[in-house]
Amino acid sequence: MLLKSVLTSALLALSLGSDLVTASKHGRFAQNARAPQEKAKRAVEEARSHKHVKPEKDYRFLNKKTKPYRVDSLPDVPYDVGEMYSGLVPIDMHNSSRALFFIFQPTINEPVDEITIWLNGGPGCSSMESFLQETGRFIWQPGTFAPLENPYSWVNLTNVLWVDQPVGTGYSIGTPTAVSQEETAQDFVKFFKNFQKIFGIKNFKIYVTGESYAGRYVPYISAAMLDEDDEEYFDLGGALAYDPCIGQFDYVQQEVAVVPLVQQNANLFNFNASFMTELDKKHKSCGYEEYIDKYLTFPPPEVQPPLMFNYSSDAECDLFDLVYKEIFHINPCFDLYEINLMCPLLWDVLAFPTSLDYQAPGATVYFDRPDVKRALHAPKITWNVCSLEPVYVGGNAGPEQEGDISANPIESVLPQVIEATNRVLISNGDFDMVVITNGTLLSIQNMTWNGHLGFQSKPETPIDIKLPDLLYADVFAENYASSFDGPQGVMGVQHYERGLMWAQSYQSGHMQPQYQPRVSYRHLEWLLNRTEEL
Ligand SMILES: *[C@@H]1O[C@H](CO)[C@@H](O)[C@H](O)[C@H]1NC(C)=O
Ligand SMILES: *[C@@H]1O[C@H](CO)[C@@H](O)[C@H](O)[C@H]1NC(C)=O
Ligand SMILES: *[C@@H]1O[C@H](CO)[C@@H](O)[C@H](O)[C@H]1NC(C)=O
Ligand SMILES: *[C@@H]1O[C@H](CO)[C@@H](O)[C@H](O)[C@H]1NC(C)=O
Ligand SMILES: *[C@@H]1O[C@H](CO)[C@@H](O)[C@H](O)[C@H]1NC(C)=O
Ligand SMILES: *[C@@H]1O[C@H](CO)[C@@H](O)[C@H](O)[C@H]1NC(C)=O
Ligand SMILES: *[C@@H]1O[C@H](CO)[C@@H](O)[C@H](O)[C@H]1NC(C)=O
């Protein structure tokens, strides 16, 4: 270990002419061990002195009705939170027994007449997760000591509304009764109109975004907005979904795609040769290789057959679980959401650092703290990152036996949204095993929109990230290494046809704004029509 770090700093110094050496009275190696702690402490002290920068009278959405929702500060967040609101809004204003919880934060830059809605998946996972660890202005990610200001926050660009939905999720209240996306989309649309009325919002462009199971929420809610045919409240501008359940996800986005994922990332899994051979044999005998060869082509030859994965009768071909059960022997800290994660298992203020729930001894769950609930005007109910009870109550009905009987989005609602807006972005991270990149692409190849089936040509345009690192820039500066964290370079592949943008993200797990915030910042700029290319 020692040898390795000596070598590393020596190599860096050689290749970059080392601002380490020139700026410091210590030698290269010694310098590495010194500066950071003192300076990190100072940075937090400085941050604590930032009191409300913008006077309340300049708040755009503050009025008599919104005042009770105003958030003044957040426990343990040592920064000015700026203009921010949160609380419950009923689905039916005449009956408050069913209500969805939101956080709303207007953009911190030039005002825009837009609302970008963010939804986590699950089903039943709280959007507070994205607020605190992905897209929000203050991020407190697994293993980090305290919340940080997020330079890639989505509120840099637009007004963001994080919502806990459907009923039964996060801080939302009411008893889940839904068995379909159509029902929960109706609830959402009603909530959202009530929200806009309270906040005096009309004629804004609306963008719907989210990840994972929200691959179902986003298109269904967007389609429900289009069906309202009401420009004042539902002027849909576009939609974005990360690592999304848009197709027959258990079969196509998991089983079919998992073995090639393992093969291409063999050194992260570290399976032995005989197990790799077994996986390869099964990938072939289960017909998955043939499926990919036939349908992951551009243009695709024909529509894919209807498929259903039966975990009892198809157990032999459940390669996803075969991999998932073996990998923990090798790497107990393996994370389905981010396959490159190694030990230790990090403490996490949401108690969900990997695909395992884990609450470090003595740690509390941030959103379950009474002081946090008070600050957010949240109900005094137990908050779980993902609800313990189902939020779709159809038992094992539905295409993937989730108790949610709605058709997969690729079959009609997603095409409807693309055709209406011509601005839909579907993206997948390559280090995600829950929803696998090539599985998502396969699902797109089984969708007919704007007159054709699938993409007609193969995605291959690079996504070149020119933005330098902003999050750790101070740390590099304190280490006399400012020149090290420059632009990222090529971080993925983009492809646009007929209103749909596809974005493959390199080195990203499931929660893309968390793992590749610079890339997802570009995605958002595209969604908001600030750029035509990623
Ligand atoms: C409010 O809604 C709940 C749940 O749907 C229902 O049980 C209750 O009767 C309603 N209350 C009123 C006053 O309508
Ligand atoms: C976001 O806004 C802040 C404050 O204006 C700025 O410092 C930061 O560079 C912005 N981030 C990006 C990615 O432009
Ligand atoms: C995904 O599919 C492409 C063909 O479109 C192939 O080149 C690539 O190797 C596949 N990657 C994985 C991880 O399966
Ligand atoms: C190879 O890996 C498999 C799966 O983890 C395990 O069951 C088997 O014992 C291993 N074989 C050898 C020779 O180590
Ligand atoms: C492919 O699309 C067709 C038409 O929408 C649908 O019937 C079929 O179930 C889909 N198959 C898969 C695997 O998604
Ligand atoms: C799955 O297979 C089992 C065993 O063959 C069968 O009893 C069950 O009905 C099947 N489930 C579905 C939803 O088809
Ligand atoms: C997107 O931006 C371009 C110019 O940058 C503008 O011409 C176009 O009308 C915008 N589209 C929408 C839907 O606002």
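What follows draws every value from the coordinates through simple rules; no lab data is involved. Quick caveat, the model's predicted, so the values are computed rather than measured. A quick note on method: Cβ atoms are made from the backbone with ideal geometry, for glycine too, and the neighbour counts reach across all protein chains shown.
Annotations
- For Lys294, the aspartates and glutamates whose Cα falls under 13 Å of its own Cα, not counting residues fewer than eight places away in the same chain, are Glu302.
- Free-standing Cys residues across the chain, given no other cysteine C-beta under 4.7 angstrom: Cys245
- Each of the GluC sites (Glu not before Pro) that DSSP puts in a loop and that has at most 15 other Cβ atoms within 10 Å breaks the chain; the longest unbroken stretch is 1-230.
- Efficiency of FRET between Ser285 and Phe145 - r from beta-carbon atoms, R0 60 angstrom, step 0.05: 0.75
- Take every pair of alpha-carbon atoms less than 8 Å apart whose residues are at least six positions apart; their mean separation over the length of the chain yields a relative contact order of 17 percent.
- Average 1/r across all pairs of distinct alpha carbons in the range 396-506, invert it, and you get the Kirkwood radius: 16.5 Å.
- In the range 53-95, the trypsin sites (Lys or Arg not before Pro) that fall in loop regions by DSSP, at most 16 other Cβ within 10 Å: Arg60, Lys64, Lys65
- Listed residue pairs exceeding 31 Å between alpha carbons, taken from Lys67/Lys205; Lys65/Lys373; Lys190/Lys458; Lys202/Lys373; Lys190/Lys373: Lys190/Lys458
- The range 237-263-the range 267-343 distance, computed between alpha-carbon centres (Å): 12
- In this simple spin-label approximation, Ser412 and Arg369 carry label points 7 Å from Cα along the Cα→Cβ vector, and these lie 4.8 nm apart.
- Mean residue ellipticity, 222 nm, helices only, the chain: the sum of -39500 (n - 2.57) across DSSP H runs of n ≥ 4, divided by residue count and rounded to 500, is -9000 deg cm²/dmol.
- For the pair His94 and Lys197, label points projected 7 Å from Cα toward Cβ lie 1.1 nm apart.
- If R0 is taken as 25 Å, the Cβ-Cβ distance between Glu231 and Arg60 corresponds to a FRET efficiency of 0.75.
- For the chain, the equivalent ellipsoid built from the Cα gyration tensor has semi-axes of 34, 33, 23 Å, listed from largest to smallest.
- 16 Å cut-off, amide nitrogen to a point 7 angstrom out along Met342 Cα→Cβ, residues in the range 255-289: 265-271
- Debye log10 I(q)/I(0) at q = 0.11, 0.12, 0.15 Å⁻¹ for the range 252-363, Cα point scatterers: -0.45, -0.53, -0.76
- Two-site label geometry, Phe275 and Gln359: point separation in nm, points 7 Å out along Cα→Cβ: 3.1
- Using C-alpha pairs below 8 Å separated by at least 6 residues, the relative contact order for the range 252-363 is 21 percent.
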